[in-house]
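One structure below.
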Amino acid sequence: MKNRGYYGNYGGAFLPEILVATFDELEAEFEKIKSDPSFWREYETLMATYSCRPTPLTHAENLTRELGGAKIYIKREDLNHTGAHKANNVMGQGLLVKRMGKKRVIAETGAGQHGVATATMAAKFGFECTIYMGEVDVVRQRPNVFWMEQMGATVVPVKDGTRILKDAINEAFRDWVTHMDTTHYVLGTACGPHPFPEMVSYFQSIIGKEAREQMLAQEGRLPKRVYACVGGGSNAMGIFSGFFDDPVELVGVEAGGHGLDSGMHAARLCSDDASPGIAQGYKTYFLQDADGQMKETHSISAGLDYVGVSPILSDLYESGKVRFESATDREVVDALKLTMRKEGIIPALESSHAFARAFKEAGTLSPADAIIINQSGRGDKDIFTVADAVEDPKWKEFIKGKAEEYHA
């Protein structure tokens, strides 16, 4: 960092004056826990006893045979409690909230996994909880909305703007300004004003620590490449952080949507449609026009259609430490289907972006090489989107029958 909260040219904390004291308090508390070894021990114990950590590193033998080339390993964050890597961050922030003495948490969510994880944490620790979710995402992630509400969270559909993740973030910040004394905003990805990018990456680093140790234990060597999908960037930062000091190629995979030439995608770092800008309290690459107005994004996955990206990843992109690629909606569905048929594993649509790119490249590597794909979440939340994408006739008949029952 060249100064507080910056990673190269990106990051910072561009805040309204009313929030400065709240962020100063949050940063001070975060610095305390980072320098307190007992906190990380408490965190690891919580995750081990409540959230199934360490998650396995699974050798995908069938996919390896099918594709040829490198041995394929999958880091199984889908087996984390609540079905995604999101629990790592929210449980860590929950312990921090307890120390700060606040009684209410709020969060934004896109794919719904962060919302479910936050609602779970709030139920465990006894916090009041409100989740902001774009109206579009509420529709396509209805199962997650159901579980959030069953755990006692209030889910607020956001009807402003494009009604997706960036709009949910805006609404959560509006809430926080009004309730700073009692409320903590559990930001779900490695974006936003400092210290959020660093703090979320800190809690997610447990993924990379585990994956590195597991690969050495199982293979006796480091992987050739590590793949992770990139929306805001929390799962990517989590697994990449374990290999920053190693000669390992790190590959971030963004949402290619209908193709980079279509304008209907969410690729910030591997397209020509993004540029540096300041929004939502920090500086990074945003999909924006020449006037700084945010563009519409598209992805088959609700969690990868964010208009910005972690400022840490922006710096890693410019320094060449991480290579960024994209996967189209079609490639993602094909990769998901192949993984299900060959391994009996159902990745989330977000994670399937990393699978799609890894599948393209695995065959170009040697059988002496190994690669890791970070499976950031499980795909049962995506059943409506996936069933529609594969045009399953039995599923359509089931939905039609249920609709007729409700209207009878």
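Worth pointing out:
- Some residue of the range 384-398 being touching a Gly at 6+ places or on another chain (Cβ under 9 Å) and touching a residue at least 24 places away in the same chain (Cβ under 8 Å): yes
- For LEU46: the one exception among (1) closer than 19 Å to GLY238 by Cβ; (2) surrounded by fewer than 15 Cβ atoms within 10 Å (Cβ to Cβ): (2)
- Selected residue (only one of PHE398, PHE384, PHE355 is part of a helix (DSSP H, G or I), of a type in the set (A, V, I, L, M, F, W, C), at pLDDT below 95 and under 24 Å from the mean Cα position of the chain (by Cα)): PHE384
- Residue in the range 19-30 that is over 23 Å from ILE206 (Cα atoms), in contact with a strand residue (DSSP E or B) (Cβ under 6 Å, 6 or more places away or on another chain) and not charged (D, E, K, R) present: no
- Here ILE106 meets each of (1) outside any strand (DSSP E or B); (2) out of contact with any Lys or Arg (no Cβ under 7 Å at 6 or more places or on another chain); (3) under 24 Å from ASP167 (Cα atoms); (4) among the hydrophobic types (A, V, I, L, M, F, W, C) with one exception, condition (1).
Yes/no matrix, rows are residues, columns are (1) farther than 24 Å from ASP369 by Cβ; (2) aromatic (Phe, Trp, Tyr); (3) in a helix (DSSP H, G or I); (4) assigned by TED's automatic domain parsing to the domain that holds MET121:
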| site | (1), (2), (3), (4) |
| --- | --- |
| GLY152 | yes, no, no, yes |
| ASP175 | yes, no, yes, yes |
| GLY192 | yes, no, no, yes |
| GLN214 | no, no, yes, no |
| GLY238 | no, no, yes, no |
| LEU250 | no, no, no, no |
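- With respect to the conditions (1) surrounded by 24 or more Cβ atoms within 10 Å (Cβ to Cβ); (2) assigned to a loop (DSSP other than H, G, I, E, B), MET180 lacks only one, and its number is (1).
- Looking only at the range 258-269, and only at residues there that are out of contact with any Asp or Glu (no Cβ under 6 Å at 6 or more places or on another chain) and either hydrophobic (A, V, I, L, M, F, W, C) or in a strand (DSSP E or B) (or both), the one that is nearest to ILE372 (Cα to Cα): LEU269
- Some residue of the range 133-147 being assigned to a strand (DSSP E or B) and crowded, with 20+ Cβ neighbours inside 10 Å: yes
- Pairs meeting the criteria (first residue in the range 128-142 and over 15 Å from TYR306 (Cα atoms), second residue of a type in the set (S, T, N, Q) and not in a strand (DSSP E or B), beta carbons under 7 Å, at least 6 apart or on different chains) are CYS129/THR118; ILE131/THR118; ARG140/THR385.
The values are calculated or read from the model by the stated rules, or taken from the named source; none is laboratory data. Since we're looking at a predicted model, the values are computed, not measured. Methodologically, a virtual Cβ is constructed for each residue, glycine included, from the backbone with ideal geometry; neighbour enumeration extends over all protein chains shown.
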